[in-house]
Amino acid sequence: MSDLPRRAVTRTAKLATLPLGVAGRATLGLGRRIGGRPAEIVAAELQQRTAQQLFKVLGELKGGAMKLGQALSVFEAALPEEVAGPYRAALTKLQDAAPPMPARTIHKALAENLGADWRGLFQEFDDKPAAAASIGQVHRAVWHDGREVAVKIQYPGAGDALISDLNQLGHVARFAGALIPGIDVKPLIAELKARVAEELDYQLEAEAQQAHAVEFEDDPDIFVPRVVFQAERVLVTEWMAGTPLSRIIDKGTQEERDQAGHLLVRFLFSGPVRTGMLHADSHPGNFRLMPDGRLGVLDFGTVNRLPDGLPEPIGTAMRLALDNEAEGVMEVLRSEGFVKPSIQLDAQEVLDYLLPMVEPAQIDRFQFTRAWMRLQGARLGDPRNPASQMARQLNLPPNYLLIHRVTLSTIGVLCQLNAEVPFREELECWLPGFAELEFDIDEELDEYGEFDEVDEVDEVDGVALDRRVFDDSGVANGAKGRSRKGGKDGGTAGTGKTR
């Protein structure tokens, strides 16, 4: 494959094979049932072949099709165990691998973005991609100053393919959603479409990543690679060694699972407080458990900019739910638009609907499991269940859409990890509105040190705005974030127990 399949008719034809394939397999399955084969065996075979076709097509197309596949990949924990295996294998392939571009296409893209003498920027460049994902692939290289770097190159035609796919994926939304109970795929596709421009803008990605790298510099638990260089369709960052979470999910020890899960929760909730941004692509391919125990974080192409951190009503509603304050919960939900003025609901029934969702915060340490995820998916996916009926009466305000998706995705990863996590403790430290009244989140920030805004730099001599070099201080033109001055002794790196 020399390029992303760009012609809409070609990509649409590939996507059209999905529902047709399902219909064909259903007919074949009926025939086998009539032939006397057990229903559960036939169903498992259909699930396996459906998964293989779905994710083969999504992976080959890359672009928006693969982006949807990656977004769905974190929800495989909700599948019944007897069919989860085939899905797990197919979904995992989407998290950090896809059919690569040939070397000649890569070299052409580098020449177009870095200049004809692009090889002079590198001491070494590996033509074989280290990873290939939805809109770009990553190559390992050595920068001209000797630093090991990751070179992210956007696929030619990625923009057209992304937009075309997301327009066409509505045709298979019902099919894809039916694979995983309790998940409505249409809002997910709509949210992905709304962020197309941001996803393709490597300048925005560089700024977001550098802000995180500066903020988490020397952090004992979280590591974000610094940005080295950025052009229109090429992003060069520090190389990061570590074990992908997909491998920890597959073969990790329980200690590794708990460590990764704990730090994932910490990053999810501390990031908005410390950087004013929420990393919004929480699938296992974007995280590494590093040799020193820290959690490494990749891919800042999609972030939710939250200058005031996560909305306080989220934490307030969770705390009120844990305290069984049904009327208080209802008041918060109405004020934030989760319950429309025209809808009349019983406050206790709303609380009963929410309580299973806040269960992880009820005890000191909660173990996220596939069984728990399946239970939640089943109660929300069954139209006869009161929880499913309640969900259809509630509203998800636009400003909460991405927060909801990221939180749900992170919980999906935690369940894949089977991680035992001090979830409530992390909420008390980082989620506004959740802690008891006497707790002041500013005190928690003081333990990490004082935070200042990084001044915006208008220009770097001799470097155009769309081709930027990031210096050793972590600041580049246009990059903003927070920097830490001083800070408490964080203890042993990667213990997952610092505060």
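Just so you know, all these numbers are worked out from the coordinates, no wet-lab data involved. All values derive from a computational prediction rather than experimental measurement. In this analysis, Cβ positions are derived from the backbone assuming ideal geometry, glycine residues included, and neighbour counts consider all displayed protein chains.
Taking 7 Å along the Cα-to-C-beta vector as the label spot, tell me the Ala103-Gln254 distance in nanometres, rounded to one decimal.
Placing both labels 7 Å beyond Cα along the Cβ direction yields 4.8 nm.
Want the number for Glu349 to Arg365: 0.36 nm per residue separation, take away the alpha-carbon distance, what's left?
Working: separation 16, 0.36 × 16 = 5.76 nm, distance 2.68 nm.
Here the answer is 3.1 nm.
Below 8 Å between Cα atoms, with a sequence gap of 6+, how large is the relative contact order for the range 244-457 in percent?
On the way: 283 pairs, mean separation 62.7, N = 214.
Across the range 244-457, relative contact order equals 29 percent.
Just to check I understand the Karplus step: with θ = phi - 60° and J = 6.51 cos²θ - 1.76 cosθ + 1.60, what whole-Hz values come out for the range 388-401, glycine and proline as x?
Residue by residue, the range 388-401 yields 5, 5, 5, 4, 6, 8, 8, 10, 10, x, x, 6, 9, 4 Hz.
Classify the range 278-410: rounded, prolate or oblate, from the alpha-carbon gyration tensor (a ≥ b ≥ c, eigenvalue square roots; a/c under 1.5 rounded; otherwise prolate if a/b is larger than b/c)? Please list the in-between numbers first.
Working: a/c = 1.87, a/b = 1.53, b/c = 1.23.
Note, shape of the range 278-410 comes out prolate.
So, in nm, how far is label Gln389 from label Lys340 when the simple model puts each one 7 Å beyond its Cα toward the Cβ?
Here the answer is 1.9 nm between the modelled labels.
Using +1 at the Cβ of each Lys and Arg and -1 at the Cβ of each Asp and Glu in the range 244-457, identify which of Ile248, Pro291, Ser270 lies farthest towards the dipole's positive end.
Projecting each Cα onto the dipole axis, the largest value belongs to Ile248.
Ordered by residue, what ³J(HN,Hα) values in Hz, to whole numbers, does the range 412-420 give under the Karplus form 6.51 cos²θ - 1.76 cosθ + 1.60, where θ = phi - 60° and Gly and Pro are x?
x, 5, 4, 6, 4, 6, 6, 8, 9
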